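The values are calculated or read from the model by the stated rules, or taken from the named source; none is laboratory data. These figures come from a predicted structure and were not determined experimentally. A quick note on method: Cβ atoms are made from the backbone with ideal geometry, for glycine too, and the neighbour counts reach across all protein chains shown. For accessibility, only protein heavy atoms count, side chains too; no ligands or nucleic acids. Shrake-Rupley method; radii C 1.70, N 1.55, O 1.52, S 1.80 Å.
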Amino acid sequence: MASSMNLDSIGDWTRTHYTSQVTPELDSQEVTLFGWVQDVRDLGGIRFIILQDREGTIQLTIPKKRVLPEVLTKSDLLQKRFSFGVKGNVKKTTMTSRGIEVIPAAIKIFNVATEQLPIDITGKTPALIEARLDARPLDLTQEQSLATFKVQHTALEAIRSFLFKKDFLEVHTPRIIASATEGGAELFSVDYFGQKAYLAQSPQLYKEELTLSFERVFEVGPFFRAEESHTRRHLSEFTSIDIEAAFANATDVMALLEQVINHVCTVVKEKCANELTLLKHNLEVPTIPFKRLTYDQVLEDLKQHDVTIPWGEDIPTEAFRVLGEIYPYFYFITDWPTHAKAFYIKPREDKPEVSEGFDLMHSYIELVSGGTRISQKEQLIQRLQEKGLNPESFKCHLQAYDYGMPPHAGWGMGLERLTMILTDNKNIREVTLYPRDRVRLTP
Ligand code: AMO
């Protein structure tokens, strides 16, 4: 049937409104809408078609005896996910939750869809996440998915405009690199014209070098981690929001970070009220400053809850879960042991075994890490050696320290983890368009 159907072209039709823009004030006006069939309900003498577009849904009501025969014939053909256009009159009604319906005067069918959709797009029968990800192009048409990515879009827009106002320049650094920045174990290697190269894990060294020229930079882009662990908060390809600022220390960039978070939550709450309602999430705008816990305090808190971690060790996931129960919102962890942090993090001058690195946590999830960086070449070489890394491999980076490297600090935040928090999603795959993890490389 579908293959033999005559399809329409868009011709001289232009959209006049998105569904969300059709309001009772437009009563008896003509509108042209484009979208997809979300559902068809036929009640004998009357047929309801739910038209869905990017912004929502609207009911088209077809009283079979009172519409033009061509409209009835076209509407007979419509099935879920067909893409189509409708010209019709808006009518106020008490029968729909939005208080309006549209009575079609003409319908154009642009394309058909398979009858056997792999998931129920009306959301009445929720599918398992793996089935949804396998059919991701279709899954992304669901209202929950659309709402999630609208929140992500709004958050990113808010972050960008905030950083522009704070004098940061947006930059783009290489993704194909010659040496690791965040530890060798999580590196993907690529064959670069016969030479071994790697996919960047972060823009760390480049953003630091750029403080030498542009002073304040930020970057938003994909980075790669060959994460062996299959968890609900790790991806092999994630989007990082990185900043780096010259003539600044950890305290400065932590203050900037809490302002960014506060701003993002405010903007999302305001601009995405409908999306948050749909996602059933009551987003709270956090008050600043955030709680600041030292690493030592964290160990103490954990001990009170029968979790003992020897000083200097990283904090394992199970311990973070306990910590997340005690501190369910945003909090910083500062004063990390130097050897638990990356080589570029500056040790405290008064107490070198403790660093100026910090993490911003939200409950048990690490959202951001950052710190004051080492800006002296000799110290950086020493830290590289202490970490068992060969300074020779970092020759190109180390040259920047010969040209007046300023004191500098910065942080990196995972966009997906931020979106998890903003939408109250527990699985990072939900907030990633096309997630990549240990077992998933498609679609
Ligand atoms: P870090 O390795 O802690 O620090 O990463 C910073 C933030 O990026 C996010 N993130 C991830 N998100 C999803 N999947 C992953 N596999 C993944 N790995 C990291 C997290 C994390 O907090 N260069 C430093 C940052 C800096 O010091 O400026 C860095 O990369 O939200």
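Identify, from the list Ser355, Ser369, the residue that is among the hydroxyl-bearing types (Ser, Thr, Tyr), open to solvent by less than 60 Å² (accessible area, probe 1.4 Å) and within 28 Å of Met420 (Cα to Cα).
Residue meeting the stated conditions: Ser369.
Just one residue in the set Tyr198, Tyr192 is of a type in the set (Phe, Trp, Tyr), open to solvent by 60 Å² or more (accessible area, probe 1.4 Å) and over 26 Å from Ala255 (Cβ atoms); that residue is Tyr192.
For region 296-308, the set of residues classified as of a type outside the set (S, T, N, Q) and over 17 Å from Glu318 (Cβ atoms) consists of Asp296, Glu300, listed by residue number. Within region 299-311, is even one residue in contact with a helix residue (DSSP H, G or I) (Cβ under 8 Å, 6 or more places away or on another chain), touching a residue at least 24 places away in the same chain (Cβ under 8 Å), within 30 Å of Phe188 (Cβ to Cβ) and in the same structural domain as Arg160 (by TED's automatic domain parsing)? No, there is no match, as no residue in region 299-311 is in contact with a helix residue (DSSP H, G or I) (Cβ under 8 Å, 6 or more places away or on another chain), touching a residue at least 24 places away in the same chain (Cβ under 8 Å), within 30 Å of Phe188 (Cβ to Cβ) and in the same structural domain as Arg160 (by TED's automatic domain parsing).
As a summary of the residue check, Thr73 satisfies the conditions (1) of a type in the set (Val, Ile, Thr); (2) without any contact (Cβ under 8 Å) to a residue 12 or more places away in the chain; (3) in contact with a Leu (Cβ under 9 Å, 6 or more places away or on another chain) except for the one numbered (3).
In region 32-86, of all residues being open to solvent by less than 30 Å² (accessible area, probe 1.4 Å) and small (Gly, Ala, Ser), the one that is nearest to Thr96 (Cα to Cα) corresponds to Gly56. The single condition among (1) open to solvent by 20 Å² or more (accessible area, probe 1.4 Å); (2) farther than 29 Å from Arg233 by Cβ that Tyr364 does not meet is (2).
Just to be sure before I move on: is Ala319 away from the ligand (no atom under 13 Å from the Cβ), small (Gly, Ala, Ser) and in contact (Cβ under 8 Å) with a residue 12 or more places away in the chain in the structure I sent? Yes: the conditions hold for Ala319. Only one entry in Leu146, Leu138 is open to solvent by less than 50 Å² (accessible area, probe 1.4 Å), touching a helix residue (DSSP H, G or I) at 6+ places or on another chain (Cβ under 9 Å) and in contact (Cβ under 8 Å) with a residue 40 or more places away in the chain, namely Leu138.
When region 208-219 is filtered for residues that are of a type in the set (A, V, I, L, M) and either modelled with pLDDT under 95 or more than 12 Å from the ligand (Cβ to nearest atom) (or both), the ones remaining, listed by number, are Leu210, Leu212.
Among the residues making up region 202-249, those that are open to solvent by less than 30 Å² (accessible area, probe 1.4 Å) and of a type in the set (A, V, I, L, M) are Leu205, Val217, Val220, Ala226, Leu235, Ile241, Ile243, Ala245, Ala246, Ala248. Tell me yes or no: at least one residue of region 419-427 is under 25 Å from Leu256 (Cα atoms), open to solvent by 60 Å² or more (accessible area, probe 1.4 Å), more than 15 Å from the ligand (Cβ to nearest atom) and assigned by TED's automatic domain parsing to the domain that holds Glu209. Yes; the residues of region 419-427 include at least one that is under 25 Å from Leu256 (Cα atoms), open to solvent by 60 Å² or more (accessible area, probe 1.4 Å), more than 15 Å from the ligand (Cβ to nearest atom) and assigned by TED's automatic domain parsing to the domain that holds Glu209. The condition of being of a type in the set (S, T, N, Q), free of Cβ contacts under 8 Å to residues at least 24 places away in the same chain and within 16 Å of the ligand (Cβ to nearest atom) does not hold for Ser375.
Table: residues versus (1) assigned to a loop (DSSP other than H, G, I, E, B); (2) polar (S, T, N, Q); (3) open to solvent by 40 Å² or more (accessible area, probe 1.4 Å); (4) closer than 17 Å to Ile46 by Cβ.
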site	(1), (2), (3), (4)
Val90	no, no, no, no
Glu101	no, no, no, yes
Ala106	no, no, no, no
Ile109	no, no, no, no
Pro126	yes, no, yes, no
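Among residues of region 168-200 being touching a residue at least 40 places away in the same chain (Cβ under 8 Å) and among the charged types (D, E, K, R), the one that is nearest to Ala245 (Cα to Cα) is Glu170.
Pairs meeting the criteria (first residue in region 222-241 and free of Cβ contacts under 8 Å to residues at least 60 places away in the same chain, second residue more than 8 Å from the ligand (Cβ to nearest atom) and open to solvent by less than 30 Å² (accessible area, probe 1.4 Å), beta carbons under 7 Å, at least 6 apart or on different chains) are Phe223/Ala200; Phe224/Ala200.
Go through region 183-207 and report how many residues are away from the ligand (no atom under 16 Å from the Cβ), over 30 Å from Pro406 (Cα atoms) and not acidic (Asp, Glu). Here the count works out to 7. Screening Ile315 on (1) under 30 Å from Ser189 (Cβ atoms); (2) touching a helix residue (DSSP H, G or I) at 6+ places or on another chain (Cβ under 6 Å); (3) among the β-branched types (Val, Ile, Thr) shows it passes everything except condition (2).
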